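Each value in this text was obtained by applying a stated rule to the coordinates, not by laboratory testing. All values reported here derive from a predicted model rather than from experimental measurement. In this analysis, Cβ positions are derived from the backbone assuming ideal geometry, glycine residues included, and neighbour counts consider all displayed protein chains.
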């Protein structure tokens with residue numbers, strides 16, 4: 001309870017206490033907090049699942065589980081991490097920081113905001129419930145097709161798949177509503193003088209994410225609904241015998257799936273320059289270039305989906321088109337990398353935990369980006385595709401680029417949110433353990449993938465044994481290191497040295513002008529942005 | 001973990017950073033190419049890896065220099081620039097961008113274009129055609145010109161998977177009937193599937209292509225050297241996904257002709273055996289073999305199935321129900337109908353596509369008289385043939 005909260009008690013603006021405060025809240029900070037806590041919980045749920053998988057893969061042979069359960073764990077791990085850990089974390093930041101950054105009193109549509117969040121726990125319950133039901137002999141467990149739902153395997157699958165479809169619908173509705181809220185807020189509630197080309201880059205990144213979500217989530221919703229009707233109502237969208245086409249599903253899925261990568265990454269790319277600039281004590285380099293690069297990547301992202309299905313037997317023309325268009329994404333992306341490095345160039349850097357995570361993110365995401373460039377080549381892709389090479393590649397983008405970026409954001413903004421400084425020593429340990437264990441986990445996966453190990457297999461040939469053992473050891477250390485993250489976050493919420501309004505020496509922006517933590521209602525009078 | 005294993009692991013870990021000749025048992029790059037396509041792909045892959053590694057090292061050397069030098073603890077005064085100011089600076093920011101354009105579309109783009117052309121050229125001067133059909137969880141190979149059909153499924157015994165027996169050298173990458181191909185011939189490979197999407201992958205051929213139910217996809221291979229080439233299904237296709245290896249045995253042309261002749265003779269002998277009446281013991285013995293190979297993956301060796309996923313055969317109403325009516329026609333949704341025609345939308349496939357008349361007769365007989373089922377009746381191959 002903060003002093004600002006206490007001052008509000010008895011006034012009509014005071015929040016209700018206890019559970020009702022969280023159920024009924026329309027306050028952007030409360031909702032942001034709930035998003036972040038939900039994300040943290042689901043991060044550990046998804047992580048625990050994959051540790052079971054890595055335990056099974058520790059050595060060849062079937063030791064711990066049957067393939068049925070294995071196939072469920074890999075798919076649910078992915079769905080949980082993408083839809084319930086990464087995306088809600090980014091939305092939590094958006095809720096907390098966008099109004100503070102643009103000088104708005106709150107989000108534009110507060111009730112919608114509340115509803116967007118409260119759709120998430122039921123979605124998580126739907127996705128995970130089939131595991132519990134199977135224990136009681138109902139159904140065969142959760143979705144077992146991997147997170148990609150490919151028909152006709154998904155037409156065969158048990159009722160866990162129906163649960164997953166309904167979960168996807170709830171998550172989709174939540175994302176679209178959240179996105180509408182962000183677009184409306186940014187368009188309408190900017191402080192006087194805050195023109196679009198003065199928006200902080202984090203807000204720009206989120207604005208484009210929001211537009212992309214509104215564009216592609218309905219396609220996913222349509223695709224999984226078609227799947228649902230194929231399963232239960234006798235349609236044949238994806239059944240060749242009835243005039244359908246299984247590959248149609250893949251096109252629809254990846255029309256959503258590829259932009260989804262950038263949906264997850266744009267908020268991180270947006271917050272990275274804030275951190276770099278703060279700890280290099282130097283203004284952001286190439287602001288305009290970064291905004292334009294965001295736009296270009298956003299547009300390219302919806303026209304390159306075919307590179308996910310290059311082995312499905314496309315025509316030569318389609319292969320070449322998807323190959324060259326995918327390669328061209330490296331151009332705007334290189335602009336971002338250039339600007340990031342130019343931002344720290346000739347600065348006066350210090351290396352607090354947020355800066356370590358941001359720099360680590362850039363280096364490791366660099367590996368993800370460069371392997372992506374190699375994957376674009378349609379002929380070589382035939383060797384990489386469906387193999388562990390791809391698994392390693394997308395963990396370098398989504399764990400290093402996504403989750404490590406989110407962690408940089410947590411350490412950067414947590415003092416602002418709680419009013420307490422973080423435990424720097426533990427946070428630094430967390431960074432180094434994470435960075436080393438991450439590489440120990442995923443670097444060997446590039447090698448086994450090249451040597452010919454396919455993904456999504458519960459057992460493998462003996463030639464892959466050594467690298468898999470290394471990878472499993474890395475995964476356990478990586479998992480254990482995240483307990484440090486939990487400790488730092490909980491410690492920071494419960495206490496610690498008080499944080500000033502301007503938490504970091506070099507931080508710039510409206511959010512650093514309000515006290516830490518900000519009062520329940522920020523900006524009683526509208527700030528005005530000068531030149 | 002044995003000491004030998006630990007040492008090889010350690011050596012391998014070092015060898016990742018050393019020359020290829022120093023490798024112990026660790027394979028960390030694409031395997032040695034066996035076809036022109038694989039050779040081309042390997043060349044492209046190695047080139048791209050060198051290019052991307054160079055970019056990585058250069059870019060992050062700059063970044064690390066900055067991290068080391070431009071730090072507050074060294075009293076470095078922060079600059080205040082926010083973008084390229086002078087014309088010279090704009091020029092220098094454009095240079096890396098233009099280099100990347102050149103790398104993307106010329107240095108990488110042209111070889112990539114060439115390799116795509118090679119990969120897609122499945123038909124020019126093809127010497128023979130092989131049709132590959134994936135089904136849960138085995139491959140069926142057909143030689144349309146020779147009239148030969150064979151089913152290729154995992155040969156690794158279950159005991160090795162469960163750790164009750166030592167794992168063999170080719171654990172999970174061995175089959176009962178490999179695909180036999182002649183070396184030096186351009187083989188056009190047609191792919192399809194009977195149930196879900198599978199992917200036919202032999203890393204040393206540089207070829208990986210989806211097998212899609214209801215559609216034909218194609219790829220090709222001209223194998224340079226005799227030998228055994230191993231791969232496996234690469235697209236998640238259900239519980240047996242890890243257990244459907246691809247094994248290709250490449251032989252010299254005369255040996256190949258000999259194999260074809262032998263296969264043809266085997267198939268006509270099999271057709272003849274389907275004509276005669278089998279004894280109960282023969283049917284039960286053959287049925288047990290087929291059951292272990294084909295059915296036990298799902299319905300389990302003890303016929304109990306997996307509750308909620310795969311139905312039990314022990315005490316099953318369907319197995320203990322009728323097969324054929326008085327006129328010798330299939331009873332719809334009866335035991336034989338289910339085995340021959342499968343159940344759409346489930347993992348139970350139409351086995352008439354992959355099993356012979358004798359196989360089906362034997363396995364149905366076996367199921368009706370095992371796991372506590374005591375139907376006592378026999379099914380003869382001729383009866384199966386009549387209802388195909």
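So what is the relative contact order for chain B, in percent, with contacts set as C-alpha pairs under 8 Å and at least six apart?
For chain B, the relative contact order is 12 percent.
Please work out the C-alpha center-to-center distance from region A:509-529 to region B:34-89 and express it in whole Å.
Centre-to-centre distance over Cα atoms comes out at 39 Å.
Please work out whether the protein assembly as shown counts as rounded, prolate or oblate from its C-alpha gyration tensor, where a ≥ b ≥ c are the square roots of the eigenvalues and a/c under 1.5 means rounded, while otherwise a/b larger than b/c means prolate and anything else oblate?
It is prolate, given that a/c is not under 1.5 and a/b is the larger ratio.
Fewest Cβ neighbours within 10 Å first, please rank A:235, A:209, A:434 accordingly.
Placing the least packed residue first, the sequence is A:235, A:434, A:209.
Go ahead and set up a Gaussian network model of chain B, Cα springs under 10 Å, then flag whichever of B:49, B:244, B:119 fluctuates most.
Evaluated over chain B, the most mobile residue of the options is B:49.
For every helix of n ≥ 4 consecutive DSSP H residues, a contribution of -39,500 (n - 2.57) applies; sum these over chain A, divide by its total residues, and give [θ] at 222 nm rounded to the nearest 500 deg cm²/dmol.
That comes out to -22000 deg cm²/dmol.
Using a Förster distance of 30 Å, how high is the FRET efficiency between residue A:44 and residue A:225, based on the Cβ-Cβ distance and rounded to 0.05?
It comes out at approximately 0.45.
Considering only DSSP beta bridges with both partners in region B:88-228, what is the antiparallel share in %, to the nearest 5?
Roughly 75 percent of the beta bridges in region B:88-228 run antiparallel, per DSSP.
In degrees between 0 and 90, to the nearest 10, how far off the longest principal axis of chain B does helix B:280-290 point, with axes built from Cα atoms?
Its long axis makes an angle of about 10 degrees.
Given a cut-off of under 8 Å on Cα pairs at least six residues apart, what relative contact order in percent is computed for region A:18-199?
Here the relative contact order equals 27 percent.
Fewest to most neighbouring Cβ within 10 Å: what's the order for B:374, A:502?
By the 10 Å Cβ count, ascending: B:374, A:502.
Extension gain residue B:146-residue B:123, at 0.36 nm per residue separation less the Cα-Cα distance, in nm?
Gain on stretching residue B:146 to residue B:123: 6.4 nm.
Treat each spin label as a single point 7 Å out from the Cα along the C-beta direction, and report the residue A:52 to residue B:289 distance in nm.
Modelled inter-label distance: 3.9 nm.
Mind checking the mean number of beta-carbon atoms from other chains within 10 Å of the Cβ atoms in B:235-246?
Neighbouring Cβ atoms belonging to other protein chains average 6 per residue here.
Can you give the average number of partner chain beta-carbon atoms within 10 Å of each beta-carbon in peptide B:33-44, as a whole number?
Partner Cβ neighbours, averaged per residue: 2.
For region B:128-267, what does the relative contact order come out to in percent, with C-alpha contacts under 8 Å and a separation of six or more?
This gives 27 percent for region B:128-267.
If one takes the longest principal axis of the Cα atoms in chain A, at what angle in degrees, from 0 to 90 and to the nearest 10, does the Cα axis of helix A:424-451 lie?
Between helix and principal axis, roughly 20 degrees.
Based on the Cβ-Cβ distance of residue A:303 and residue B:94, what FRET efficiency does E = 1/(1 + (r/R0)^6) give at R0 = 35 Å, to the nearest 0.05?
Approximately 0.90, to the nearest 0.05.
Which distance in Å, rounded to a whole number, links the C-alpha centroids of region A:12-81 and region B:320-342?
Distance between centres, Cα-based: 48 Å.
Quick check: residue separation of residue A:525 and residue A:236 times 0.36 nm, minus the Cα distance between them. What number comes out in nm?
Value of the extension gain: 98.2 nm.
For a quick check: sort B:338, A:17 by the number of other beta carbons within 10 angstrom, fewest at the front.
Ascending number of Cβ neighbours within 10 Å: A:17, B:338.
May I ask you to compute the full-extension gain from residue B:270 to residue B:64, defined as 0.36 nm times their residue separation minus their alpha-carbon distance, rounded to one decimal in nm?
Stretched fully, the residue B:270-residue B:64 segment lengthens by 67.1 nm.
Provide the FRET efficiency to the nearest 0.05 for the residue B:304-residue B:46 pair, computing r from the beta carbons and using R0 = 56 Å.
0.65
Which angle from 0 to 90°, rounded to the nearest 10, does the C-alpha axis of helix A:404-418 make with the longest principal axis of chain A?
Orientation of helix A:404-418: about 30 degrees from the principal axis.
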